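The values are calculated or read from the model by the stated rules, or taken from the named source; none is laboratory data. In this text, all values refer to a predicted model and were calculated from it rather than measured experimentally. Backbone-built Cβ (ideal geometry, glycine too); neighbour counts: all protein chains shown. Just so you know, the surface numbers come from the protein's heavy atoms only, side chains and all, with ligands and any DNA or RNA stripped out. Shrake-Rupley method; radii C 1.70, N 1.55, O 1.52, S 1.80 Å.
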Amino acid sequence: MGGRRVQGTRGWARRLLPALAAVLLVTGCRKERGEDFAVVPVRPAPALEAPRASGGVFRLSEQRGKVVLLSFGYTACPDVCPTTLSQLQRLHTRLGEAARDVEVVFVSVDPERDSAQQLETYVHAFNPRFTGLRLEPEALAPMLAAWRVTATRRYPDTARYREHPFTGDLPYTMDHTGAFFLVDKAGALRARMPYTVSVERLQQEVERLLSEEGTPAAGVRVEKARARLTPARVGAVYLTLVNTSGREDRLVSAESTTAARVELHEVIAQGELLQMHPRPEGFVVPAKGRVELAPGGKHLMLYALQDSPASLPLTLHFEKAGTVQLTVPVSAPGADEP
């Protein structure tokens, strides 16, 4: 009786193991999705002002309009740091012309051994456009704390080298955070990705940030915004709303100083009959999902336009994420859709 129970239990366990393995595999795969690396809620990146290894001062606050990629390391690092910089160099090549709007920054966590000249030579060996930053120890510690970066020395076990004692300073390595920090064009810290992430995934996230317009709301970003105006002083705005948070949100209203009013509308087709339906209830943006506002569907309707601008200011109001402001480029009549 007891033997049969044990055998039955073992059989159940054997059947359960493959299922557990499948769950773990799916869970592991999810880590490669960009939203799992997102920093939510969206907030300004910690301050960063430091001497450039090549001279002058780098200020993160002066990089608006660019996507900034930061990593932390040291020049005596034999493995992780050269891997990280090689990954960034491959990314830079893959981005092509878009790389001009990306600033790659490598911050030394070992200023006592990394001189400015040594750091510059090291970083520029991977790409002359990369920026190396070196802070003095008293300034480095609070900056690392603000970015939640770890950097501690690891000394060798001297007991192992009793017969071959070290001469001079005791050598050490640095245990440090290996990650890519992505700061968007508005200066917000948007993602923290492990150094092992694929260059394809890194490129996808950087290009996503490059495509954004305006300042992102907390948990919501806007992509591919464009407006189409008509001589009748009306127009429409199309865009994509991406919800990076784990909760549903809703676009409840919009406004523009260029139009008397902005309404949320949706075109519904009944055969050849096209109906324009106002959506005062707003557009729901699912958790970890997106909503497309596109011709022939959901869109923002502009009334009583004041003029024919090349771009127009737009303010979006979300139920949970708050307000996002952006500038929307205007397509000329007859222009191809992007």
### Close pairs (8 angstrom Cβ cut-off, 6 or more residues apart or separate chains): on the phi > 0 side of the Ramachandran plot in the range 295-314, open to solvent by 50 Å² or more (accessible area, probe 1.4 Å) anywhere
GLY296/ALA269; ALA304/ARG233; ALA304/ALA260; ALA304/ARG261
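Considering only residues that are assigned to a strand (DSSP E or B) and more than 17 Å from TYR238 (Cα to Cα), look in the range 295-326 and name the one that is most open to solvent (accessible area, probe 1.4 Å). Step through it out loud before you land on a result.
So the first thing to find is which residues in the range 295-326 are assigned to a strand (DSSP E or B), and the list is 298-305, 311-318, 322-326.
Right, trim to more than 17 Å from TYR238 (Cα to Cα) and you get 304, 322-323.
Details: ALA304: 40, GLY322: 26, THR323: 74 Å².
So the residue we want is THR323.
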### Query
Would you pick out the residues in the range 97-126 that are more than 18 Å from the chain's Cα centre (by Cα), within 22 Å of ARG64 (Cα to Cα) and at pLDDT 95 or above?
VAL107
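State all residues of the range 44-92 that are among the small types (Gly, Ala, Ser) and either surrounded by fewer than 21 Cβ atoms within 10 Å (Cβ to Cβ) or in a strand (DSSP E or B) (or both); if no residue qualifies, say none.
The first filter runs over the range 44-92 and keeps only residues among the small types (Gly, Ala, Ser), leaving 45, 47, 50, 53-56, 61, 65, 71, 73, 76, 86.
Across the range 44-92, the qualifying residues are ALA47, ALA50, SER54, GLY55, GLY56, SER61, GLY65, SER71, GLY73, ALA76, SER86.
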### Matching residues, the range 168-207, being within 18 Å of LEU144 (Cα to Cα), open to solvent by 50 Å² or more (accessible area, probe 1.4 Å) and either in contact with a Leu (Cβ under 9 Å, 6 or more places away or on another chain) or not in a strand (DSSP E or B) (or both)
ARG192, TYR195
### Task
Report, ordered by the first and then the second residue, all pairs with beta carbons closer than 6 Å, sequence separation of six or more or different chains, a first member in the range 48-65 that is more than 21 Å from ARG148 (Cα to Cα), and a second member that is in a helix (DSSP H, G or I) and modelled with pLDDT of 90 or more.
ALA53/ALA116; ALA53/LEU119; ALA53/GLU120; SER54/GLU120
### Summary
Note: among LEU95, LEU140, LEU119, just one is in contact with a strand residue (DSSP E or B) (Cβ under 9 Å, 6 or more places away or on another chain), closer than 16 Å to LEU48 by Cα and not in a strand (DSSP E or B), namely LEU140
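Going through the range 238-261 one residue at a time, which ones are farther than 27 Å from PRO41 by Cα and part of a strand (DSSP E or B)?
Initial filter on the range 238-261 (farther than 27 Å from PRO41 by Cα): 257-261.
Result: ALA259, ALA260, ARG261.
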#### Entry: Residue count, the range 276-285 (criterion: open to solvent by 60 Å² or more (accessible area, probe 1.4 Å) and not charged (D, E, K, R))
4
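If we scan the range 264-275, do we find a residue that is part of a loop (DSSP other than H, G, I, E, B) and either at pLDDT below 95 or open to solvent by less than 70 Å² (accessible area, probe 1.4 Å) (or both)? Step through it out loud before you land on a result.
Within the range 264-275, the subset part of a loop (DSSP other than H, G, I, E, B) is 271-272.
Adding the requirement that they be either at pLDDT below 95 or open to solvent by less than 70 Å² (accessible area, probe 1.4 Å) (or both) leaves 271-272.
The answer is yes; a qualifying residue exists.
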### Query
Do the conditions hold for GLU120, that is, is it farther than 20 Å from GLU138 by Cβ, open to solvent by 10 Å² or more (accessible area, probe 1.4 Å) and among the acidic types (Asp, Glu)?
yes
### Message
Checking the structure you have, find out if any residue of the range 260-279 is of a type in the set (S, T, N, Q) and either under 23 Å from THR93 (Cβ atoms) or touching a residue at least 60 places away in the same chain (Cβ under 8 Å) (or both).
### Response
no
### Task
Could you grab me the full set of residues in the range 299-338 that are modelled with pLDDT under 85 and of a type in the set (Asp, Glu)?
ASP307, ASP336, GLU337
